[in-house]
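Bear in mind these aren't lab numbers, they're just calculated from the coordinates by the rules spelled out. Being a predicted model, the structure only gives us computed values, none of them experimental. Cβ: placed from backbone, ideal geometry, glycine included. Neighbour counts: every protein chain shown.
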Amino acid sequence: QDISIPRLCVAEGAKSYQLVGFCDASELGFAASVYLRSESDESVRVELLKAKTRVAPLHVQTIQRLELSGAVLLSELLDSMKFLINHLHIEEFYLFTDSATVLAWLKTPPHKLKTYVANRVVKILELTQLSSWRHVVSASNAADCASRGLSPQELVDHNLWWNGPSFLINDPCDWPSSLSGLPSISALSELKPLPKVNLLNSTSRPKTSKQDENLLSIIAKYSSLTRLQRVIAWVMRFIVNTQSDSQAKLMGTLKVQELATALQIILRLTQAHYFAKDLKSLT
């Protein structure tokens, strides 16, 4: 009964508006909060507009993954406010997290990340601009109040929750913005392992260069590796069968070894065709 929320949340005579969001996570859950900052000639006003929390999933997640989920929640929260954004013609958005790892993930090409993280990074960048994201110290992260929880007594006069950090009163040019000190890509968790590249030597080369040319022309026609692998396997079986007597001919469905041999042929011919100079320098 001691908590009251003002219906009017803009500065009198406001001429410009910005939406400022925060996200955070703890072992208990993750949260996001969005504030409307309005500025007139005489004053600046910042008020909490919308917030959401989610309980951490039952299966254990790393703090970094929970913080990433908080960033997804903030992106969705901002996307749900399109009517207000259009009504007030808001064009400036500032999104804060205290997780340097999350910011580094957002700057990493998704194909280099493991599926769980990559999917969420793609979603965040579909709903927000990378340039909107900034780093903030934990003590100034308003969403920390929700991710860790507040008692009713603490909530009543908790300015960080209701009005955001004090720096929001200042000019946006003076707000935290530095992205220096982020983990390098090589130091990040949740990276896909680098693929192993097999350099195949010439001992398994087909007998004639004409055969190489024919196989390369087949390779160029397919965009699906699985389908190409089967086609090459059938071609190689045909070649083997034409050179064998009737009792030694291969019959029935393709064998695992035939498919493996076909993949080796595809790799060897592709490498020899496109990386001839590189292969020569390695020998």
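The listed peptides 215-225, 231-241, ordered by packing as a protection proxy, come out as 231-241, 215-225 (highest mean of other Cβ atoms within 10 Å first). The label point for Thr253 and the one for Val122, both projected 7 Å from the Cα toward the Cβ, are 3.1 nm apart.
Applying the criteria of a DSSP loop state and at most 13 other Cβ atoms within 10 Å to the GluC sites (Glu not before Pro) of region 13-53 yields Glu27, Glu42. Note down the nm distance, to one decimal, between modelled labels 7 Å out along Cα→Cβ at Cys9 and at Ser132. If labels sit at Cys9 and Ser132, their model points lie 1.6 nm apart. Measuring max minus min along each principal axis, the C-alpha atoms of region 202-282 give extents of 44, 26, 20 Å (largest first). When every Cα-Cα distance of the chain is counted in 10 angstrom steps from zero, the calculated P(r) takes the values 6, 22, 21, 13, 11, 12, 9, 5, 2, 0 percent. Legend: helices of the chain (whole DSSP H runs) are marked when their alpha-carbon atoms reach 20 angstrom or more along the helix axis and their mean Kyte-Doolittle hydropathy is at least 0.0; marked are 63-79, 225-242, 256-274. The alpha-carbon of Lys112 sits under 19 angstrom from the alpha-carbons of these lysines, leaving out residues fewer than 8 places away in its chain: Lys123, Lys192, Lys196. Among beta bridges identified by DSSP and lying wholly in the chain, the antiparallel ones come to about 70 percent. Ranked by the mean number of other Cβ atoms within 10 Å of their residues, highest first, the peptides 250-260, 165-175, 120-130 fall in the order 120-130, 165-175, 250-260.
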